[in-house]
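Here's the structure, in structure tokens; my notes come after.
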Amino acid sequence: MRFKSIFWSFGPSIVGWKYCRPILCLDGTFLLGKYRGTLLAAVGVDGNGGLYPLAFVVVESESIESWIWFLQMLHDLIVSTHSRPDLCIISNKHAGLIRGCCEIFPWAAHRHCLRHLRENFKKVLRRLAIPNCDAVCDKMYWAGNTDDIKIHERHMRDIQNIKKEAYDWLMERDRTKWALTYDGGFRYGVMTTNASECFNGVLRRARRLPIQGLIMSIYYNLVSLFIKRTTKVEQWTASDGSAFVPHTKAVLELAGRQARRSPQPTQINNHEFKVFDMSCSSFHFVITSPQTCIYSCGHPQIYHMPSKHAVTALSSRRWDHNAFVSTYYSLVCYKENAILLCVFTENVKPVRISAPF
């Protein structure tokens, strides 16, 4: 008998993930100490931007076979991963992840981690002998991370003028996979796998433990994390009457302040508006109902919450812009998740242990 691999996830985490944004950040890290191997993790993001560890696997190495097996276990043992049609997987585009996503999650949007893409782009620039690689990489990162298509196009033109081969390399990667402006709203503004990287950092010392010790360390780390989260929910409920989590509340308040300083929108008809900002840029809005809006500003579609331009247009009709905020940012969803986390901290046992592949 020889240990090969193990997949595990905790029951309340599985059930509670449906209240989080439909995003999974996949990444791996090496185990240290006497027992070598690789820990792969699937980490989600909750409505307030916090980490939501969902599933883990320990394998011999980060190979094509191990990633495919991990994705197959996610699909088979965590039903919510294939019951959410808007699922988005963010990764470093390892060959096993590309193949596994195509075979196991063909409907999911597979997006590139912008930080990993930046590192790969830097290697390309060095092979092309382009001076000042960091400045060109920064332009690529700004082009990918902006929600303004004009800024994106300006940085892409700069890269094309510096070296056409570098520009062509980026275009071959399909801008819908790495540029926020072409994303279609699947990312919810999450551009990197930092969620997985941060949780791997939490487990820095645990990575030296044997497998059983590693699993128990992850268990106790999750218990500690969820206890803090449930305490915060109680504080927010007692001190604040907002319908949204604090991060979303702050974003909406900022959009409201900026909208009050913006010029009055030009009303084309009962449903169409042209909104101007302080830079004299104009945006076209078609408001068909208190919950439906068509806009030329990509911000609401990308982040699933209204921008300052949308708030300006909706205020002119005296409609509540909060109706355009995704339910994942609501305090109700966060509370439902917290109830499950309370169960997790009271009576928890590891569940859904899978046999090796």
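The values are calculated or read from the model by the stated rules, or taken from the named source; none is laboratory data. Model, not experiment: these values are computed from the prediction. Quick reminder, even Gly has a Cβ in these numbers, built from the backbone with ideal geometry, and neighbours come from all protein chains shown.
Structural remarks
- For region 203-250, a tally of residues being farther than 16 Å from residue 333 by Cβ, of a type in the set (A, V, I, L, M) and either in a loop (DSSP other than H, G, I, E, B) or not assigned by TED's automatic domain parsing to the domain that holds residue 57 (or both) returns 3.
- Test: residue 157 is in a helix (DSSP H, G or I), farther than 25 Å from residue 25 by Cβ, modelled with pLDDT of 90 or more and not assigned by TED's automatic domain parsing to the domain that holds residue 55: yes
- Flag if residue 131 is exposed (fewer than 14 other Cβ atoms within 10 Å of the Cβ) and over 30 Å from residue 65 (Cα atoms): yes
- Selection within region 6-16 - at pLDDT 90 or above and touching an Asp or Glu at 6+ places or on another chain (Cβ under 9 Å): none
- When the test is whether a residue is under 23 Å from residue 88 (Cβ atoms), at pLDDT 85 or above and surrounded by fewer than 16 Cβ atoms within 10 Å (Cβ to Cβ), residue 184 passes it.
- Residue ranges of strands (runs of 3 or more DSSP E) in region 252-357 with at least 3 members farther than 25 Å from residue 17 by Cα and at pLDDT 65 or above: 272-276, 282-289, 292-295
- In region 134-150, the qualifying residues are those that are part of a helix (DSSP H, G or I) and at pLDDT below 90, and the one that is farthest from the chain's Cα centre (by Cα) is 150.
- Enumeration of residues in region 99-117 that are in a helix (DSSP H, G or I), free of Cβ contacts under 8 Å to residues at least 40 places away in the same chain and surrounded by fewer than 18 Cβ atoms within 10 Å (Cβ to Cβ): 99, 102, 103
- Whichever residue in region 51-71 is of a type in the set (A, V, I, L, M) and either under 18 Å from the mean Cα position of the chain (by Cα) or assigned to a strand (DSSP E or B) (or both) and, among such residues, is farthest from residue 102 (Cα to Cα): 51
- The lone exception for residue 31 - which of (1) within 22 Å of the chain's Cα centre (by Cα); (2) closer than 18 Å to residue 203 by Cβ it fails: (1)
- Residues in region 166-195 that are over 17 Å from residue 87 (Cα atoms), in a helix (DSSP H, G or I) and not basic (Lys, Arg): 166, 167, 168, 169, 170, 171, 172, 181, 194.
- Number of the condition not met by residue 202 [criteria: (1) of a type in the set (A, V, I, L, M); (2) in contact (Cβ under 8 Å) with a residue 60 or more places away in the chain; (3) crowded, with 16+ Cβ neighbours inside 10 Å; (4) under 30 Å from residue 35 (Cα atoms)]: (2)
- Qualifying residue in region 164-175 (condition: surrounded by 19 or more Cβ atoms within 10 Å (Cβ to Cβ) and either under 30 Å from residue 282 (Cβ atoms) or modelled with pLDDT under 90 (or both)): yes
- Search result, residues across region 76-98 that are within 19 Å of the chain's Cα centre (by Cα), free of Cβ contacts under 8 Å to residues at least 40 places away in the same chain and part of a helix (DSSP H, G or I): 98
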